[in-house]
1. Looking at E80, is it modelled with pLDDT under 95 and not hydrophobic (A, V, I, L, M, F, W, C)?
2. In the range 21-42, what residues are closer than 10 Å to T2 by Cα and surrounded by 13 or more Cβ atoms within 10 Å (Cβ to Cβ)?
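The values are calculated or read from the model by the stated rules, or taken from the named source; none is laboratory data. Keep in mind that this is a model prediction, so the values were computed, not measured. Heads up, the Cβs are rebuilt from the backbone with ideal geometry, glycines too, and the neighbour counts pull from every protein chain shown.
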Amino acid sequence: LTAEVSAGSRPPMSCFADGVQLGSGCTLGKGNITLHDEETVEAVFTCEDGRCLRMRARSEALNRLVPQLEREDLARVSAEFMAMPAEELFVITDE
């Protein structure tokens with residue numbers, strides 16, 4: 001499995017790459033993750049057989065939650081993120 005991650009290079013957007021590493025097992029140390037400093041927040045996972053899965057953060061979710069990270073309790077906002085259904089956070093497609 002490999003992962004290509006696009007996100008900003010500073011928190012809170014760069015934290016997305018941490019989540020990809022934790023959830024997928026792809027790490028910088030193993031060399032199976034590539035990071036791109038871009039405005040888009042997404043990850044493309046590629047299996048050895050060539051199948052791909054793309055997860056792109058929904059702008060609606062980011063626009064609602066990210067501003068709270070700058071002025072409110074990080075733990076509370078993080079818990080709100082984790083409680084949201086994946087469909088509300090991401091557009092997920094097979095490629």
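1. yes
2. S24, C26, T27, N32, I33, T34
So that you can scan it fast, the table gives a plain yes or no per residue for (1) over 13 Å from the mean Cα position of the chain (by Cα); (2) under 14 Å from V91 (Cα atoms); (3) among the hydroxyl-bearing types (S, T, Y):
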residue: V20; (1), (2), (3): no, no, no
residue: L35; (1), (2), (3): no, no, no
residue: T40; (1), (2), (3): no, yes, yes
residue: T46; (1), (2), (3): yes, no, yes
residue: L53; (1), (2), (3): no, yes, no
residue: R56; (1), (2), (3): no, yes, no
residue: L62; (1), (2), (3): no, yes, no
residue: L74; (1), (2), (3): yes, no, no
